[in-house]
Every structure is written in structure tokens, then in C-alpha cells.
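Read the structure below first, then the notes.
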Amino acid sequence: MQTPPVIHGSFPYLTSDSRITKVTAIDDLLNIKLSNGIKITPSTNTSTVINPIVLPVVEQSLSDID
């Protein structure tokens, strides 16, 4: 077993890849990427109840979102 590299900085921080990449902004943690490459984050999301996020291709499903 190899020890992961040390992240320099102060707490609190989150990682999602075994302590390699430090998450410092909520947009890095909460985002979706559509099949056409558009990335939607909390700061870029303009959707509402009457203006939802529309998948770019007809008949796509949630499994087509990263």
C-alpha cells in the first residue's frame, strides 16, 4: 500500500480521489456535465421550475449525464 501524497494547506477541505485533488469550491464538488460537453455548476445553473435543464439529445436519460 502506498501512502497518498500530502495536501498542503489548512482544513477543512474535501477530496474525491484519495487525497490527490483538493476541492476548494462548491462548483468543483457539485456539477453535472451534459452529453454535449456543457458543464452546469451551482454558480452557472439558471434553471427553475418553469425553465428546467433540457437534455441536448431527444430520448436521453439521466444515465447520459456525468
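Nothing in this text is a laboratory measurement; each read-out follows from the coordinates by a stated rule. What you are looking at is a predicted structure, and each value in this text was computed from that prediction instead of being measured. For neighbour counting, all protein chains shown are included, and Cβ atoms are generated from backbone atoms with ideal geometry for every residue, glycine included.
Near residue 21, the amide H atoms lying under 5 Å from its own belong to 16; only residues 5 or more places off or on other chains count, and H is placed 1.01 Å from N. A P(r) calculated from all alpha carbon pairs of the chain, with 10 Å bins opening at zero, reads 17, 37, 25, 17, 5, 0 percent. Here the chain is treated with +1 on each Lys and Arg Cβ and -1 on each Asp and Glu Cβ, and its dipole about the Cα centre works out to around 220 debye. Put simply, the amide H of residue 65, placed in the peptide plane, has no neighbours under 5 Å, leaving out anything fewer than 5 places away on its chain.
Stretching the chain fully between residue 59 and residue 44 yields a gain of 3.0 nm (0.36 nm per residue, less the alpha carbon separation). Karplus-derived 3J(HN,Hα) values for segment 35-52, using 6.51 cos²θ - 1.76 cosθ + 1.60 with θ = phi - 60°, are 5, 8, x, 6, 9, 10, 10, x, 7, 10, 6, 10, 6, 9, 4, 9, 9, x Hz; glycine and proline are entered as x.
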